[in-house]
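One structure is given here, and the rest of the page talks about it.
The values are calculated or read from the model by the stated rules, or taken from the named source; none is laboratory data. What you see is a predicted model, and the numbers here were worked out from it, not measured in a lab. Neighbour counts run over all protein chains shown; Cβ positions are idealised from the backbone, glycine included. Calculation scope for accessible area: heavy atoms of the full protein, side chains included, ligands and nucleic acids excluded. Shrake-Rupley method; radii C 1.70, N 1.55, O 1.52, S 1.80 Å.
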Amino acid sequence: DFATPRAILTGHDYEITCATVCAELGLVISGSKEGPCLIHSMNGDLLRTLEGPENCQRPKLIQASREGHCVIYYENGLFCVFSVNGKLQATMETGDNIK
């Protein structure tokens, strides 16, 4: 048996740096090197774009909860929390810069 893709997710202009799947909500969230994070359905439909503040570039880690929150860690030590509806809910800056 060969594995076949369930869906092809499109929309990023640059390489993907991080991604997460929230099976409970049927969502895939991905971040690209020089672009925003995108929320897709499991069928491949682009649903939302998560735009952080201006200094939020290069997402490194993404985690989604079944309650509908998405936490993104950016390269510059900044965390952003979004709702799955795309609304920025909180930001927090750390003194750490994980490379």
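Sequence gap at least 6, Cα distance under 8 Å: using those rules, report the relative contact order of the chain to the nearest whole percent. Intermediate values should be presented prior to the final figure.
Numbers: 217 pairs, mean separation 19.3, N = 99.
After rounding, I find 19 percent.
Considering only protein heavy atoms and a 1.4 Å probe, what is the carbon-and-sulfur percentage of the accessible area of the chain?
On the way: 3120 of 6390 Å².
Using a 1.4 Å probe with all protein chains present, the chain comes out at 49 percent carbon and sulfur.
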- prompt: In the set [x] 29; [y] 66; [z] 48, which value of percent of Cα pairs over 21 Å apart was calculated from the structure you see?
  reply: [x]
query: Using modelled amide H (1.01 Å from N, peptide plane; none on Pro or chain starts), what sits under 5 Å from the amide H of Gly35, excluding residues fewer than 5 places away?
result: Arg58
message: I'd like the Karplus ³J(HN,Hα) series for region 30-43: coefficients 6.51, -1.76, 1.60, θ = phi - 60°, whole numbers in Hz, and an x wherever there's a Gly or Pro.
response: 9, x, 10, 3, 10, x, x, 8, 10, 10, 10, 6, 5, 8
statement: Computed about the Cα centre, the charge dipole of the chain from +1 Lys/Arg and -1 Asp/Glu charges at the Cβ has a magnitude in debye, to the nearest 20, of 100 debye
